[in-house]
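A short write-up of the structure that comes next.
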């Protein structure tokens with residue numbers, strides 16, 4: 001496929017990377033990837049939509065070809081700030097957003113903070129832990145959560161990035177992570193999601209420290225209030241084979257008080273719906289964004 005061009009911008013003194021699919025006179029469309037992923041995971045969707053939109057897809061801090069954070073953690077509000085900086089610097093307002101997983105949570109946060117900037121919003125499994133999982137997490141005291149986070153950080157500090165002897169070995173790991181992926185998809189994601197080390201081995205590009213979810217941040221109750229500020233047409237997408245729960249059935253849909261999201265459950269798809277059922281997803285998104 002014809003690929004995008006590569007660019008950089010700055011946010012909080014970090015040099016962050018994004019790709020631009022051209023068609024700069026068209027309406028802007030921002031695509032935000034999930035955790036431990038990278039901007040090129042959108043390539044198949046972007047190649048279908050690039051004729052109608054000016055598509056920009058960033059690598060979040062600590063991911064892909066963006067700079068890693070040193071001396072601090074990875075917080076959702078910082079990710080949202082990075083997105084706000086990109087939107088402002090590229091003059092993308094108003095815009096449409098398609099986002100996945102952690103990127104979806106960031107998109108929801110951004111859309112609640114800047115509701116007038118967003119015209120359409122598509123979120124794939126970006127609503128965070130299901131209510132039942134949150135109930136278990138909330139049984140821990142604040143001290144227990146902080147101590148658990150510290151323990152996790154120390155473990156990560158002593159954890160060396162996984163090294164694969166060959167690119168083929170990394171490809172096999174990618175393929176086993178999501179059996180829905182075709183060989184071509186898995187190889188493409190591996191090529192763009194890994195880099196070669198000095199000794200010739202290969203490692204994934206993301207910073208291992210993104211695995212440590214800080215106990216400090218916006219409480220889920222406050223995030224829900226921001227969802228209530230979103231007033232653009234919104235579509236929430238879920239794979240029926242995923243761990244994510246249906247927001248209509250678990251009650252989280254009620255937090256969207258200014259808009260009534262369209263909820264779509266797609267069969268034969270896991271967490272990466274846009275990979276597992278590409279044609280179905282592209283069809284839905286094409287109609288919805290227009």
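Values quoted throughout were computed directly from the atomic coordinates according to the rules given, and no laboratory measurement underlies them. Worth saying up front: this structure is predicted, and the values here are computed from it rather than measured. Cβ: placed from backbone, ideal geometry, glycine included. Neighbour counts: every protein chain shown.
General observations
- Exposure proxy ranking for 182, 245, 111, based on other Cβ atoms within 10 angstrom of each Cβ and starting from the fewest, stands as 182, 245, 111.
- Distance from the stretch 214-264 to the stretch 162-190 (C-alpha centre basis), Å: 31 Å
- Projected onto planes of every orientation and averaged, the convex hull of the alpha-carbon atoms in the chain covers 14.9 nm².
- Whole-number percent relative contact order across the stretch 198-290, with pairs defined as alpha carbons under 8 Å at least 6 apart: 27 percent
- Our summary gives the chain a relative contact order of 18 percent, counting only alpha carbon pairs under 8 angstrom and 6 or more residues apart.
- Exposure proxy shown here: for 50, 254, the number of other Cβ atoms within 10 Å sets the order, fewest to most, as 254, 50.
- Based on the Kirkwood approach, the hydrodynamic radius assigned to the stretch 55-110 is 11.9 Å, with every pair of different Cα atoms included.
- Sequence of 159, 96 once ranked by neighbouring C-beta atoms within 10 Å, starting from the fewest: 159, 96
- The chain: calculated mean residue ellipticity at 222 nm from DSSP helix runs of at least 4, using -39500 (n - 2.57): -10500 deg cm²/dmol
- Relative contact order %, the stretch 23-144, counting alpha carbon pairs below 8 Å whose residues are six or more apart: 26 percent
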